[in-house]
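Below is one structure, written out as structure tokens, with a few remarks after it.
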Amino acid sequence: MDTVLYGVAYYPEYMPYERLDQDIGLMQKAGISVVRIGESSWGLWEPEEGKFEFAWMDRVVDKLHAAGIKIILGTPTYSIPAWLYKKHPEIVVTRLGGQTLYYGLRQNTDLSHPTYRFYCERIIRRLLEHYKNNPDIIGYQIDNETSAAGAANPDVQIGFVNYLKARFKTTDQLNKVWGLNYWGQRLNDWTEVPVRDGIINPGWKLEWERYWQRMTTDFLAWQAAIVNEYKRADQFVTHDFAGPPRSEVNEWDVSKSLDIVAANPYHGTQDEFDGETSSTVGDYVRSLKQSNYLITETNAEAIGWNSKDQMPPYDGQLRLDVYTHVASGANMVEYWHWHSIHYGQETYWKGVLGHDLEPGRAYREVSRTAHELQRIGPEIVNTQRKNQVAILYSNDSLYGINFMKFSDRVDYNTIRRQMYATLYRANIGVDYLLPESTNFSDYKVIVVPPLYVASDALLKRVAEYVNNGGHLVMAFKSGFCNENSTVRWEMAPGPLREAAGFHYQEFSNLRQPLALSGDPFHAGAENKVSDWAEMIIPDTAKPLAFYDHPFFRKYPAITRNQYGKGTLTYEGTVLSDKLQDQVLLGVLQDAGLTGPDQSLPARVRVKHGMNRKGKRLHYYFNYSGDPESFTYAYGAGTDLLTQMPARPKQTITVKAWDAAIIEEN
């Protein structure tokens, strides 16, 4: 892309009266450069079975063309028309336990049902045959925020058995992997596999979740293959992930079928807006293909499926969010949506225009940002990030821990978010890794939330990373189960023992938080650990902290082991936020990754990148209602927003809810 695209999702078919010319005129005046259309309107594209109508959208496309506004066209398969439900109610999801979703919801269909696939393919092909030569359509979005929606229909149950046959080959192997001699639940033939509904075996449940993920992956790959038959070389195929990472979707596998990844992050506003949600989503989706990405939906105004949490952004927050996304690698930011809706469930999920459909505060800020992007977009598009810290993300571990909870307060995502938040607040750029990733060595530090489900091969690669000079920070429960969520029958932490430098045989829940003896990390009131304690016995590891408790005090809570050229720091318990900050910052310092960015004011964030010209970019964000000042610590350049020079050691002041984007000379 040559510049940052900026736009909205647009639904003229939702309008209470005819105002197409007025809307496009307002978009053109505001500087909108792209719109997404069509993904929610199967019932208009095909109002009766086999009867296709395009004229209603042709006039929209023609007027967008005349205004110079680019188009992303969505395949409309996530919300089925009423006539299709009437004729084929069997395509709607039946969940575990027999709950049927019925008509009225969206994303309520069995993705693998052949009847549903037949009608999807027909509408997709008819749309593409009609619009394939349109020069203003720059790309296609396949479906919308797709997941398996909890489908447990008969065809899904049959498909799962066929999946098991392909994966495990024989029932004897399945019995072995899942330990089905337990309770005498051994299977002697594939016809004996029961429906999933009553199953509580963790390995069985994990494989079912993987199958659900595969259903989504297969459905989107199937749609992408159809679109690829029609799309031009200058067009792209994308899909908009809902606020990733989302455990029920394997975004990494889905992304293999996409030209460019898209995401729909929604976040807190007003005093809750700190850029963290936008940043973690951006870091994650950028990592999927190690490439720039699109934001297809985000807050335009107050959001919600009711009016209990209406929090319109403060002045400046919409604009600040745009640059937050661009700094993370977004090449497009679109709002959901152009106008606020007057009926339906999302009445209070407001758009750039309010319910009166007149330009207001949000429109004016969008217009300011759009015109700013017209000037500086070519300088900041395709921002490239080169981070030296990564988080190893494991969907399997998330599910494994959820199946065998250790706390009602803390889970896998609690620790992942805590670790990310520490790095984000410390102004440390972050990528995400997958267990299958082969580029561990690209990073000086890898941070690992509880790696509860992991193969021997993965744990050996983790150990090799440390041995070769990497610095690893790993949370409790890591290495406990193999890839089938089966507890290992070797001394914990299994294949990690040599690299971690300790072993343990026991663990305990903590009914009350415990202090660490002597407050070794100077956490003060937050010198607390909680929920879980592994009774670690060091082999070669150095204890960094012990519990302040008459029994547990003999066991270290946190250890560090020098292994080969690197270190493995292990957290055998749940740390407070302050303790997590101190542990991670200590590792970052040891790895040589700290500097002036860690001395910025508390509400100021910075991200660094490189633009298309090879010039370094420094994005500073003030996520507060007061001006913030700091000493600029990089090379001489120009603030692209103000066009003012920036010199090393100069004091820079960023206004409330504002940014500075410095391009080095």
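Need one number: nm distance between label points at Q28 and N467, each 7 Å from Cα along Cα→Cβ, rounded to one decimal.
Distance between label points: 6.6 nm.
Go through K607/K655; K386/K444; K460/K607; K51/K86 and tell me which ones have a Cα-Cα distance over 21 Å in this structure.
Beyond 21 Å: K460/K607.
When the Debye formula is applied to the Cα atoms of the chain, each taken as the same point scatterer, what base-10 log of I(q)/I(0) results at q = 0.06, 0.07, 0.12 Å⁻¹?
Each listed q maps to, in turn, -0.37, -0.51, -1.37.
Answer with one residue from W489, T569, N395: the one whose Cα lies farthest towards the positive end of the charge dipole of region 389-592, charges on Cβ with Lys, Arg +1 and Asp, Glu -1.
Toward the positive end, the furthest listed residue is T569.
Exactly which trypsin sites (Lys or Arg not before Pro) in region 282-362 are in a DSSP loop and have at most 11 other Cβ atoms within 10 Å?
K308
Taking a ≥ b ≥ c as the square roots of the eigenvalues of the Cα gyration tensor of region 513-590, is the shape rounded (a/c under 1.5), prolate (a/b larger than b/c) or oblate?
Because a/c hits 1.5 or more and a/b fails to exceed b/c, region 513-590 counts as oblate.
Region 388-425: which trypsin sites (Lys or Arg not before Pro) are DSSP loop and have at most 13 other beta-carbon atoms within 10 angstrom?
Counting only loop positions with at most 13 other Cβ atoms within 10 Å, the trypsin sites (Lys or Arg not before Pro) in region 388-425 are K405, R409.
Within 10 Å of each candidate Cβ there may be at most 14 other Cβ atoms; applying that plus a DSSP loop requirement, which chymotrypsin sites (Phe, Trp or Tyr not before Pro) in region 549-579 survive?
In loop regions of region 549-579 (DSSP not H, G, I, E or B), the sparsely surrounded chymotrypsin sites (Phe, Trp or Tyr not before Pro) are F551.
When a/c reaches 1.5 or more, the comparison of a/b and b/c decides; with that in mind, is region 389-592 rounded, prolate or oblate per its Cα gyration tensor?
rounded
Quick check: pseudo-label points 7 Å beyond the Cα along Cα→Cβ at T414 and R368, how many nm apart are they?
4.1 nm
Rounded to the nearest 0.05, what FRET efficiency do N306 and R488 give with R0 = 56 Å and r taken as the Cβ-Cβ distance? Could you check?
That pair, N306 with R488, gives E of 0.75.
Would you kindly state the longest site-free stretch of the chain, with sites defined as GluC sites (Glu not before Pro) in a DSSP loop (not H, G, I, E, B) surrounded by at most 12 other Cβ atoms within 10 Å?
Free of exposed loop sites, the longest segment is 230-435.
Once phi is turned into ³J(HN,Hα) by the Karplus curve 6.51 cos²θ - 1.76 cosθ + 1.60 with θ = phi - 60°, what whole-Hz value does each residue of region 16-27 show in order, with x for glycine and proline?
My calculation for region 16-27 gives x, 7, 5, 8, 4, 4, 5, 4, 5, x, 5, 4 Hz in order.
How large is the Kirkwood hydrodynamic radius of region 485-530, counting all unique pairs of alpha carbons, in Å?
13.3 Å
Between E53 and K132, what length comes free when the chain is fully extended (0.36 nm per residue of separation minus the Cα-Cα distance, one decimal in nm)?
Result for the pair: 26.9 nm of gain on full extension.
Can you give the FRET efficiency for K405 and R125, using 1/(1 + (r/R0)^6), R0 = 56 Å, r = Cβ-Cβ distance, to the nearest 0.05?
Rounded to the nearest 0.05, the efficiency is 0.75.
Return the sequence-ordered ³J(HN,Hα) values of region 585-596 in whole Hz as given by the Karplus equation 6.51 cos²θ - 1.76 cosθ + 1.60 applied to θ = phi - 60°, using x for Gly and Pro.
4, x, 5, 4, 5, 5, 7, x, 10, 10, x, x
Output the pairs from K405/K578; K63/K132; K70/K350 with a Cα-Cα distance over 20 Å in this structure; if there are none, say none.
In this structure, K405/K578; K70/K350 lie more than 20 Å apart at Cα.
Please report the orientation-averaged projected area of region 600-664, defined via the convex hull of its C-alpha atoms, in nm².
3.9 nm²
What is region 476-559 by shape, rounded, prolate or oblate, if you read a ≥ b ≥ c off the alpha carbon gyration tensor as root eigenvalues and call it rounded for a/c under 1.5, prolate for a/b larger than b/c, and oblate otherwise?
Prolate, because a/c is 1.5 or more and a/b exceeds b/c.
Rounded to the nearest 0.05, what FRET efficiency do D271 and K86 have when you use their Cβ-Cβ distance and R0 = 41 Å?
0.30
Residue by residue, what Karplus-based ³J(HN,Hα) values in Hz, rounded to whole numbers, does region 407-416 have, using 6.51, -1.76 and 1.60 with θ = phi - 60° and x for Gly and Pro?
Result, rounded to whole Hz: 7, 8, 10, 10, 9, 4, 5, 4, 6, 4.
Over what distance in Å are the Cα centres of region 8-66 and region 463-480 separated?
Between the Cα centres of region 8-66 and region 463-480 lies a distance of 52 Å.
For region 389-592, what is the charge dipole size about the Cα centre, in debye to the nearest 20, if Lys and Arg each add +1 at the Cβ and Asp and Glu each add -1 at the Cβ?
260 debye
Measuring from the lowest to the highest alpha carbon on each principal axis, how far does region 432-497 reach, largest first, in angstroms?
Projected onto the principal axes, the Cα atoms of region 432-497 cover 32, 20, 18 Å.
Within region 360-390, which residues have the backbone N less than 19 Å from the label spot 7 Å out from H342 along Cα→beta-carbon, could you tell me?
360
For region 162-285, report the % of Cα-Cα distances exceeding 24 Å.
Tail of P(r) above 24 Å: 50 percent of Cα pairs.
With N set to the number of residues, divide the alpha-carbon radius of gyration of region 241-318 by 2.2 N^0.38 Å and report two decimals.
Its radius of gyration relative to the 2.2 N^0.38 Å reference: 1.20.
For the residues I401, I303, what sequence is obtained by ranking on other C-beta atoms within 10 Å, fewest first?
I303, I401
Search the structure for amide H atoms under 5 Å from the amide H of L510, placed 1.01 Å from N in the peptide plane, and list their residues when 5 or more places away or on another chain.
D531, W532, A533
Averaging over all projection directions, find the projected area of the Cα convex hull of region 333-376 and quote it in nm² with one decimal place.
Averaged projected area of region 333-376's Cα convex hull equals 3.2 nm².
Taking neighbour Cβ counts within 10 Å as the exposure measure, how do D408, D590, D431 sort from fewest upward?
D408, D590, D431
Rule-based calculations on the coordinates, nothing more; no lab input. In this text, all values refer to a predicted model and were calculated from it rather than measured experimentally. Neighbour counts run over all protein chains shown; Cβ positions are idealised from the backbone, glycine included.
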